[in-house]
Amino acid sequence: MTTRWFGARVPRVEDERLLRGRGRFTDDIDEGALESCLVRSPYAHARITSIDVSAARAVRGVVAVYIAADLPFGNLDLPILIPHPNLTHGRTQRCLASEVVRYAGEAVAFVVAESRNIAEDAADLVQVEYEPLPVVITPEVGAAAHHLVHDDVPGNIAAEMLQEVGDVSAALKSAPHRQRLRFRFERGAACPMEGRAVWARWSESERKLTVFDSTQSPTSIRGGLSVLFGLSESKVEVIAPDVGGGFGPKIMLFYPDELLVPFAAMQLGRPVKWTEDRQEHFTAVNQERGQVHDVEVGFDDDGRVLALSVDFIHDTGAYTPYGLILPIITAAQVPGPYRVPHYRVRFRAVYTNATPTSPYRGAGRPHACFVMERTLDSIAKQLDVDRAEIRRRNFIQPDQFPYDLGVAWQDGNSVVYDSGNYPALLEKALAMLGPRPVGDHVGMGLGVYVEGTGVGPYEGAHVQVLVSGRVVAATGIPSQGQAHATVFAQVVADELGVEVADVEVTGGDTRRFPWGVGTFASRGAVTAGNAMAITARMVADKAKQIAGERLEVDPADLELVGGSVRVKGSPGRGITLAALSVLANPVRYAFGGGTEAATQFASKRRPGPPLADGEQPGLEATGYYSPPGSTWASGCHAAYVRVDPKTFRLEVLKYVVVHDCGRLINPLVVEGQIEGGVAQGIGGAFYERLAYDAEGQLRNASFMEYLIPYATEVPEIEIGHIETPSPLNPLGVKGAGEAGVIPVGAVIGSAIEDALGVPVTEMPLSPLKLFELSRL
Amino acid sequence: MKVNGIPHPAPTDPRRLLSDHLRHDLGLTGTHVGCEHGVCGCCTVLLDGAPVRSCLMLAVQAEGHDVSTVEGLAAPGSPLHPVQQAFHECQGLQCGFCTPGFLMSVVGLLAQHPNPTPEQIEEGIAGNLCRCTGYASIRRAVNRAAELSRQ
Amino acid sequence: MKPPPLEYHAPPTVEEACELLGSLEDAKVLAGGQSLIPLLNFRLARPAHLVDINRIRGLDAIYERDGGVAVQALARQAAVEDSEVAARVCPLLTSAVRLVAHRVIRNRGTLCGSIAHADPASELPAVLLALGGHVIARSSRGDRIIGAGDLFKGVFETALKADELLIEAWFPASPGAVAIVEESRRHGDFALAGVVRASDRLALFGVAPTPVLADPVDPVRGLPPSGDLEATPEFRLHLVRVMTERVFAA
């Protein structure tokens, strides 16, 4: 193999199409489809006493209106995607509610019409009688449980989980110093620029269902649809075409529309499509970030953490479709890059009458990082020690890997850090940050994090050299902007000794590759990237084997360079991959393209059958990579900010990121991921909060009032890299997708506290919040 | 109305938004819809050369005007427009959903200010949301686009 | 989010527009559309009729008269922003228009539309008030001049009658120091609060149901600000004090 492409800043192969406006996002697909919309509950908690769709059905241009009673699966509870033994009171919604609604935005009816305009007109005429019930909003109110979200779930507790390493009570008691702290996180939303959309067609002649879905996991959707509709998996095709950003909400699976749209297509004999609008996106699509933490820390005179007790409430919303992944991640990631000899973490996942929660970029890690970093800052303040120094004294050292935390990780394994160099991250970040700018109300913030990436179970790849010499590769996972087609082409091109431009990668299309898990949790490069490498290596080995037979050379003396297999040291002796592809498929009938060479009279006969035992035709292979466990990336962010003491406007003067995701396949792509992540982190630190009122109404369900940063609010950042290769996978890579966002809240919060002298214990902040804090 | 120089019959439904008309009646799906309240900028097109939100216009209002969409920046098979080229060189896009809106806004900006100052660039991209890039690469792309356009 | 069903009219003259406004029940004027069309898309506004005035010719001038600058109904905010006449005669107006949303919105939005829409957080009504300007309202019954002090009645409410079209706004030149300052969350957002100084006159926006004149020495006296997601009444008053101090410090 060559190493031309690994680590190269290869410009993206995706760009041309997208720049010309020839992207194909799900709503771009019409093909005569009927359009649709959902009728959603305006109440956060109510009993439904009647639903009358007769007026809606009568609207000209309306083709069908469905309520739960019309669905064969109307009584089916949607699946709990990730069951867990501690999830003793898991609950999920049904496709369409008919008895009780538990969050504003819960779907009640589905209208299919000739156009969305007409569907919305008809939706206005759907009459639902609601009897409002008491509403539970905020995790604290949920936990207080004066009212229940589910009648059969006492205390609104979906799950409780306690983990302890060492003996925290004893260690706290004997610690020279102790502090108690409380931290609070408001809900936030991922808001990809493309909302969710589904398009489906049922072919009666082929008895085949085809679905385009703006999802992060087409293979899972396919599995679910085949089970639900009793279809063979081979008769269900799910494709994620171009997807305009995912960031987590699109890994939530089996939203009601993902079942309703295919169902309607099967019923009505015409394709059906559904595209959400931005307003419904805010309550219909899963949210995240709501948690409240109570912390007790014990430490010594040098600021070394001796014991840490964390007790937190996780706001799971009205249902628990995603199980306990978010609080499990938070619980596991609080210690971060630090030694915490005695650690106890308990969480309760609490129901509230709000949209269910599931991962949004960071997925519980931003909370964990904020808790640990602010706790260390607080210790530093009490002892009057420099904040960077406190961290140095607590870091896990580079010679302490593998480091077992003793707590559970989201893949069912335990948290074991495989590699890293946390002190180096900090020193480099401080060096890049430089001296404090002169001026009043300037503050410095610091945040270090560790991130579990590359979870399994596995991903796969298919790689094939065509008789033309071009290479096609496919994997099950889709891209939402992470440049998989470029990055995976680099990996394959290196193994096969070809140009990136010669490799065409397809992802997220079950027709091309039906096995896989999905794109989430910073796992694409690790799982699919390694699968690509392993599979391309298999193809390279086969190419060498065939070439070796032809050239009568030991395959070990062959190399793949410039589209050929050549004898090492004798560049004139070789066979092109195109020719080898022909030879790999013994044929009776030539069909052009050089295939004459593989016909029975042209080809050199080898002893035995044309296809040896166990051999398969074609220069192709299918392979898989299944990680033994997560591989652990890390990073340090540092910043200077200035806060106007009168208007409380935030100005970020300098922002640096030092980042370790092991070896980088394409630094351009990694930097893009970091820059985007930091921007979302800035949003989450100072602008973005989902403002629910006490009645469970989301008061800022629009881009006018949910404040996603424009360019004018996002600072330029400087990025430095450190590489501690992963020992766990052949490519030595670690995930990079979420890194940018994880510590931003901690960094900005710490910097603002330093600048203004106000205590920062919550996220997000805002000028109003700082005004109020400054008056305490 | 003319779209990318080609005349089209007037739209018939008065409440059809220009964005939907372009996408679903004329098949020009390069213009995207992100919010339908004028904030995100994904739907930005040029109306008689000036950037406007196509989600905030009724299609009938475009009658008698020239609309330019991203598809009109470069004919199929011909080289990318300098602004498109610049975005590619500077990796000013990831998922590509906000990109057509940025491209049209930048084309409009450079038509008004061929030698934009940093402040003018900031103003020029200030009205478009991107959730993927963090904007730094987009700023670089606009600078590069100005360079390429002057060549 | 798509507009509800409606009847659409595109009169080619002011006279026909006024006739339509006079005869139709439940009609809204569509000028720039940058405020109205979002409301239609959200289905928060469901007018039975839309009277689109964009076909009317000769109603987009920005010109000097009576010691001030007059802006007609179809003059886009971007045109006002670029206008040499406005910059020369009334630089406060030019500064204010630059604060309205983003350029792309100003390419369609009209200045008169912003005045007629009367969002309490918007800049242009406060500028009209600070300068002591007026608007001309036309109907089939004729024209009438409405002074800034009498124009703004409440949140999204003006003294314009249902059959009247706001065809011109007039901003007098202001001697002495002028300034407009606002605090918003993001660049281009509606202001949490803002102040306009025209010599020794002060107008506030974003802190009351309409723009209000205030005493530079005690700007918050008698103010009834409301609270919302990004600013409590106290914070608004605080910002008003801070900004007033800033515009009068220079």
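The values are calculated or read from the model by the stated rules, or taken from the named source; none is laboratory data. Everything quoted here is computed from the prediction, not taken from an experiment. All Cβ positions, even for glycine, are placed from backbone atoms using ideal geometry, and neighbour counts span all protein chains on display.
This table checks each residue for (1) of a type in the set (D, E, K, R); (2) outside any strand (DSSP E or B); (3) touching a strand residue (DSSP E or B) at 6+ places or on another chain (Cβ under 6 Å); (4) outside the structural domain of A:Asp257 (by TED's automatic domain parsing).
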residue: A:Asp124; (1), (2), (3), (4): yes, yes, no, no
residue: A:Glu129; (1), (2), (3), (4): yes, no, yes, no
residue: A:Ala143; (1), (2), (3), (4): no, yes, yes, yes
residue: A:Val149; (1), (2), (3), (4): no, yes, yes, yes
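Go through region A:179-218 residue by residue and tally those that are surrounded by fewer than 23 Cβ atoms within 10 Å (Cβ to Cβ), part of a loop (DSSP other than H, G, I, E, B) and on the phi < 0 side of the Ramachandran plot.
4
When the residues of region C:103-132 are narrowed to those that are over 15 Å from C:Asp150 (Cα atoms) and small (Gly, Ala, Ser), which ends up nearest to the other protein chains (Cβ to nearest Cβ)?
Here the answer is C:Gly109.
Does C:Ser184 meet the test of being at pLDDT below 95, under 29 Å from A:Pro764 (Cβ atoms) and within 14 Å of chain A (Cβ to nearest Cβ)?
Answer is no for this residue.
Is there any pair linking a residue in region C:233-250 that is facing chain A (nearest Cβ under 8 Å) to one that is surrounded by fewer than 17 Cβ atoms within 10 Å (Cβ to Cβ) and of a type in the set (Asp, Glu), with Cβ under 8 Å and at least six apart or on different chains, and which?
C:Phe235/A:Glu772
For the subset of region C:45-59 comprising residues that are within 15 Å of C:Glu19 (Cβ to Cβ), of a type outside the set (A, V, I, L, M) and touching a strand residue (DSSP E or B) at 6+ places or on another chain (Cβ under 6 Å), which member is surrounded by the fewest Cβ atoms within 10 Å (Cβ to Cβ)?
Among residues in region C:45-59 that are within 15 Å of C:Glu19 (Cβ to Cβ), of a type outside the set (A, V, I, L, M) and touching a strand residue (DSSP E or B) at 6+ places or on another chain (Cβ under 6 Å), the one surrounded by the fewest Cβ atoms within 10 Å (Cβ to Cβ) is C:His49.
Can you name the number of the only condition in (1) in contact with a Leu (Cβ under 9 Å, 6 or more places away or on another chain); (2) within 14 Å of chain B (Cβ to nearest Cβ) that A:Gln680 fails?
(1)
Test of understanding: among C:Leu151, C:Leu229, C:Leu239, which residue is more than 26 Å from A:Ser702 (Cβ to Cβ) and not aromatic (Phe, Trp, Tyr)?
So the residue among C:Leu151, C:Leu229, C:Leu239 that is more than 26 Å from A:Ser702 (Cβ to Cβ) and not aromatic (Phe, Trp, Tyr) is C:Leu151.
Assess whether A:Leu96 counts as being in contact with a Phe, Trp or Tyr (Cβ under 7 Å, 6 or more places away or on another chain) and touching a residue at least 60 places away in the same chain (Cβ under 8 Å).
yes
C:Ala214 passes all but one of (1) assigned by TED's automatic domain parsing to the domain that holds C:Ser114; (2) not in a loop (DSSP other than H, G, I, E, B); which number fails?
Only one criterion in (1) assigned by TED's automatic domain parsing to the domain that holds C:Ser114; (2) not in a loop (DSSP other than H, G, I, E, B) is unmet by C:Ala214, namely (1).
Does region B:124-134 contain at least one residue that is more than 18 Å from B:Ala74 (Cα to Cα), within 12 Å of chain C (Cβ to nearest Cβ), touching a helix residue (DSSP H, G or I) at 6+ places or on another chain (Cβ under 8 Å) and not small (Gly, Ala, Ser)?
The answer is yes; a qualifying residue exists.
If B:Gly27 satisfies all but one of (1) over 23 Å from B:Ser149 (Cβ atoms); (2) surrounded by fewer than 24 Cβ atoms within 10 Å (Cβ to Cβ); (3) at pLDDT 95 or above; (4) more than 17 Å from the chain's Cα centre (by Cα), what's the number of the condition it fails?
The single condition B:Gly27 does not satisfy is (4).
From (1) within 12 Å of chain A (Cβ to nearest Cβ); (2) part of a strand (DSSP E or B), pick out the condition that doesn't hold for B:Asp13.
With respect to (1) within 12 Å of chain A (Cβ to nearest Cβ); (2) part of a strand (DSSP E or B), B:Asp13 is out only on (2).
Restricting region A:547-561 to residues that are hydrophobic (A, V, I, L, M, F, W, C) and without any contact (Cβ under 8 Å) to a residue 24 or more places away in the chain, which is farthest from A:Gly497 (Cα to Cα)?
The selected residue is A:Val553.
What single numbered condition from (1) farther than 23 Å from B:Asn128 by Cα; (2) within 11 Å of chain C (Cβ to nearest Cβ) fails to hold for A:Leu731?
All conditions pass for A:Leu731, except number (2).
Being surrounded by 24 or more Cβ atoms within 10 Å (Cβ to Cβ), within 14 Å of chain B (Cβ to nearest Cβ), in a loop (DSSP other than H, G, I, E, B) and at positive phi narrows it down to one residue among A:Gly420, A:Gly481; which is it?
Of A:Gly420, A:Gly481, the one residue that is surrounded by 24 or more Cβ atoms within 10 Å (Cβ to Cβ), within 14 Å of chain B (Cβ to nearest Cβ), in a loop (DSSP other than H, G, I, E, B) and at positive phi is A:Gly481.
For region A:257-270, indicate whether the set of residues that are part of a strand (DSSP E or B) and in contact (Cβ under 8 Å) with a residue 24 or more places away in the chain is non-empty.
No, every residue in region A:257-270 fails to be part of a strand (DSSP E or B) and in contact (Cβ under 8 Å) with a residue 24 or more places away in the chain.
Specify the residue that is farthest from the other protein chains (Cβ to nearest Cβ); the eligible residues are those in region C:1-18 that are surrounded by fewer than 16 Cβ atoms within 10 Å (Cβ to Cβ) and out of contact with any Asp or Glu (no Cβ under 7 Å at 6 or more places or on another chain).
C:Glu15
Does A:Phe110 satisfy the condition of being more than 30 Å from A:Tyr343 (Cα to Cα) and under 32 Å from the mean Cα position of the chain (by Cα)?
Spelling it out, A:Phe110 is indeed more than 30 Å from A:Tyr343 (Cα to Cα) and under 32 Å from the mean Cα position of the chain (by Cα).
If we only count strands (runs of 3 or more DSSP E) wholly inside region C:82-201, which ones have 3 or more residues that are surrounded by fewer than 18 Cβ atoms within 10 Å (Cβ to Cβ)?
C:142-147
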